[in-house]
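The values are calculated or read from the model by the stated rules, or taken from the named source; none is laboratory data. Everything numeric here is computed off the predicted structure, so don't read it as measured data. Every residue, glycine as well, gets a Cβ built from its backbone with ideal geometry; the counts of neighbours run over all protein chains shown. What goes into the accessible areas is simple: the full protein's heavy atoms, side chains included, and nothing from ligands, DNA or RNA. Shrake-Rupley method; radii C 1.70, N 1.55, O 1.52, S 1.80 Å.
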Amino acid sequence: MKFTRNTKRLALGITIFVLFVTGMQFIQPPVQNPPVNTPLAAPGEVVEILQRACYDCHSNQTKLSWYDKVAPVSWLVSADVKEARSRFNFSTWDTLSPADQQGRVWEMVNMVLTKKMPLSTYAAIHPRSKLSEKDIAVLKKYANDLSPANYHDTAIISEADKEFKKFREIPVPTEALPVAANGVKYIPNYQDWQVISTTNRFDNHSIRVVYGNAIAAKAIKDKQISPFPDGSTIVKVVWNSIEEKNGDIKPGSLNSVQIMTKDGKKFPDSKGWGFAKFNGIGLKPYGRTPLFNTTCFNCHKIAGANDYVFNLPLEQPVPGKTPARAMFDAGSLQVITSFANRKQQTMSVLYGNAAAKKSALSAYNTHIPGEVFKLVVYKQADNKYWYGSYINGAVESVETVAGTQSAAAAAPLTYQLDQGTAPRDSAGYKMSAANRMAYIFSHRPSVFP
């Protein structure tokens, strides 16, 4: 048989290709299965779902099909497994604290609900990993069962009382500002910034106020958040919540102050965002090494459409349409406290000027001339980026309580409904001005670092 020049070239090309593919098989990074420590202990139906949908990547019990072992597919599989295990590993579940275990379960549920997991490429060739509505309901119930409400928790109330007493006597020092391991510094003047939103989470029993600096606030107002410009900084203040059977959710002791700051050159591996978390009134930096930044970013990937920021206002109000969620501008007033009511489905922020904050710290026993309080009540809205969280929706009412400039001990206070419909009591009756003022003054200030 006589070979033409083109046939010889084709044969040489095929030979080189076969040798190349064969050689690839010897340099593929193999997936190793280290020993299993103490795996996740959960109800059987939960474990079955997770083993079917998650264990091939998020455990040391990875089961590979023949095509998963052939390069270059094997390289992709190895990289996916390595990253997945770094985020959480069911085979080393005992190495996580109870709080971290709970947090990972809620993260799983949210990754499923936002269709981030299982990976579409994985599910395409592993159809059994796809989760049904029944599967998702089982996982949601498991997550909820891990976080039951503990109404009127005396331990949390006692801790909050001690912390508030200490805060009144000796304000939290800010002379030596703490710095996270990745270089992000604590910011002492964030209370002067624009409030972006208020949130409460029933997954970890916390209530929050979220602030944005001038750059971040302008980007939100101008809808220039894809991406946020460099210099944008967001501060989230988190308190452990005190919950009551009547639906009230109030801030207790300070949990942490969390920061996101945008610097594309300094944090290229996390889309420009640098994260920091300062725990408790001592503001102890979270994370021993800069690697914690990746852990934070991985959680925020769910909110990729908002440049990885969870709690942003929805569309601005449009005349003639249902009011949308928007930032409320309180001017020079600062947040005194925030609270919510799950049964009434409302979330509120109480603002005040310097005189009002001083009055609040005195348990409102001494009203000060010129004090101004402003209570903003929002309709509660679901946080589409995190099952387990609510955010403030449209404004329902804005109320102002103001003192005169008189120095008289009995200087009168005035009440005014600035916007919306006056809130009603738990029985549905309209409240008098005196009752509304008493309600406003019943809320103790939050401890701010």
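Counting Lys and Arg as +1 and Asp and Glu as -1 over every other residue whose Cβ lies under 14 Å from the Cβ of Val447, the net charge comes to +4.
What does the net charge come to around Val195 if you take all other residues with beta carbon closer than 14 Å to its beta carbon, with K and R at +1 and D and E at -1? All intermediate terms of the calculation are to be shown ahead of the outcome.
Values: positive: Arg208, Lys221, Lys236, Arg325, Lys374; negative: Asp192, Asp329.
Result for the neighbourhood of Val195: +3.
Close amide H pairs (under 5 Å, H built 1.01 Å from N) link Gln194 with Gly212, residues at least 5 positions away or on another chain.
Among Arg85, Arg436, what's the order by accessible area (1.4 angstrom probe), most exposed first?
Numbers: Arg85 50, Arg436 5 Å².
Final ranking, largest accessible area leading: Arg85, Arg436.
Measuring between their Cα centroids, region 135-154 and region 175-252 lie 25 Å from each other. Summing Lys and Arg as +1 and Asp and Glu as -1 over all other residues whose Cβ lies under 11 Å from the Cβ of Tyr387 gives a net charge of 0. Pairs with C-alpha atoms separated by more than 28 Å, drawn from the list Lys218/Lys265; Lys162/Lys218; Lys223/Lys384, are Lys162/Lys218. Averaging 1/r over each pair of different alpha-carbon atoms in region 352-449 and inverting the result gives 15.0 Å, the Kirkwood hydrodynamic radius.
In region 243-392, one over the average inverse separation of all distinct C-alpha pairs is 18.3 Å, which is the Kirkwood hydrodynamic radius. Across region 206-295 the C-alpha pair distances fall into 10 Å bins from zero in the proportions 17, 37, 31, 14, 2 percent.
In order along region 242-247, phi translates into HN-Hα couplings of 9, 10, 10, 5, 7, x Hz, rounded to whole numbers, per the Karplus curve 6.51 cos²θ - 1.76 cosθ + 1.60 with θ = phi - 60° and x for Gly and Pro. Where the alpha-carbon atoms of region 191-251 are placed on the principal axes, they occupy 42, 23, 16 Å, in descending order. Converting phi to 3J(HN,Hα) with the Karplus coefficients 6.51, -1.76 and 1.60 and the offset θ = phi - 60°, region 89-106 yields 10, 5, 7, 10, 4, 5, 7, 8, 5, x, 5, 5, 4, 4, x, 5, 5, 5 Hz in sequence order, with x at every glycine or proline. Listed values for region 38-54 are Karplus-derived 3J(HN,Hα) couplings in whole Hz (6.51 cos²θ - 1.76 cosθ + 1.60, θ = phi - 60°), namely 10, x, 4, 9, 8, x, x, 5, 5, 4, 4, 5, 5, 4, 6, 9, 10, and x replaces Gly and Pro. Sorting Met117, Met431, Met260 by solvent-accessible area of protein heavy atoms yields Met117, Met431, Met260, largest first, with a 1.4 Å probe. Annotation: amide H of Ile242 within the under-5 Å range of Lys250, Gly252, sequence separation 5 or more or interchain, hydrogens built in the peptide plane.
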